[in-house]
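Asks: One structure, as structure tokens, below. Some questions next.
Every read-out reported here was derived from the displayed coordinates using simple, explicitly stated rules and does not represent laboratory data. This is a predicted model, so every value here is computed, not measured. When we count neighbours, we look across all protein chains shown, and the Cβ atoms used for this are built from the backbone with ideal geometry, even at glycine.
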Amino acid sequence: MTVRRRPALRGAVLWAVPALLLTGCGIRATEVPTDFGPAPSRARCSLAGPDAAEQAAPGMPVRVFLLCGSSLVAVDRTVRVPEAAADSGRRARVAQGLLDELAQSPSAAEKQAGYTTDVRDGITVSGPRPGDPEDTLRLGTAPDDLTPYALAQVVCTFSDSAAAEGDGSVILAGPSDASARRYSCTDEVRARPGSNEPPSTEVTGG
């Protein structure tokens, strides 16, 4: 009894036709999967873990918002704040520590992952003046004089810290006598800080 093998032969012929066509076009057939080269060493905006120096640094754990791609992303930091500081003074000291961290150049690991900052060094912060709401933070640079990216970084970092009341907003003012304003860190601001400035409303009264 003869075994029929035509289907297998037909399949082999059909497989060979594309290979011949590719060879005729000067293209070598390759096996699957194709090797597209080594994977990136670190995913963009993704850190393997807290920086070793930050883990060892004494102080209060905080989060600051850095720029990565077109968004704001929180990273871990520590700031030193005297425990005996009064409430308003403590808020200002926390805020100054946060500003200093925002102004620092990102670590080597953060740079490799694509993190940057638009906050410039030398910005100071103080507590409220007479007539200001008690949780006002007065910057040495007027909020309107900051770049949209830097303002978003400051607002989102402050509003997520002990420098504010923890409701997702922070009251800021500049060095002039202009009224303080309450700024909010929204999802839109975190997603597109360059296109969406933190919404704000004027506040008065102590």
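Asks: Sum up the charges of everything whose Cβ sits under 13 Å from the Cβ of Asp121, counting Lys and Arg as +1 and Asp and Glu as -1, but leave Asp121 out.
Replies: Around Asp121, the charge tally is -2.
Asks: What nm distance separates the two modelled labels at Asp177 and Ala191, each placed 7 Å from Cα along Cα→Cβ?
Replies: Taking the simple label geometry, Asp177 and Ala191 are separated by 4.2 nm.
Asks: Another question, if that's okay. So what is the orientation-averaged projected area of segment 107-194, using the convex hull of its C-alpha atoms, in nm²?
Replies: 6.3
Asks: With Cβ to Cβ distances under 13 Å as the rule, what net charge do the other residues near Gly140 carry (K, R +1; D, E -1)?
Replies: Residues near Gly140 contribute -1 overall.
Asks: By how many nm would the segment from Gln104 to Arg63 grow when fully extended, if each residue of separation counts as 0.36 nm and the alpha-carbon distance is taken off?
Replies: Separation in residues times 0.36 nm, less the Cα-Cα distance, equals 13.4 nm.
Asks: Any idea what the dipole of segment 111-158 comes to, in debye rounded to 20, about its Cα centre with Lys/Arg Cβ at +1 and Asp/Glu Cβ at -1?
Replies: That gives a dipole near 180 debye.
Asks: Tabulate in residue order the Karplus-calculated ³J(HN,Hα) for segment 65-79, using 6.51 cos²θ - 1.76 cosθ + 1.60 with θ = phi - 60°, rounded to whole Hz; enter x for Gly and Pro.
Replies: The phi angles translate into 9, 9, 8, 8, x, 10, 10, 9, 10, 7, 10, 7, 9, 9, 10 Hz.
Asks: Over the Cα atoms of segment 64-154, how large are the radius of gyration and the largest Cα-Cα distance (Dmax), in Å?
Replies: For segment 64-154, the Cα-based Rg and Dmax read 14.1, 46 Å.
Asks: Provide the net charge surrounding Ser169, with neighbours chosen by a C-beta distance below 12 Å and charges set as Lys +1, Arg +1, Asp -1, Glu -1.
Replies: Its environment carries a net charge of -2.
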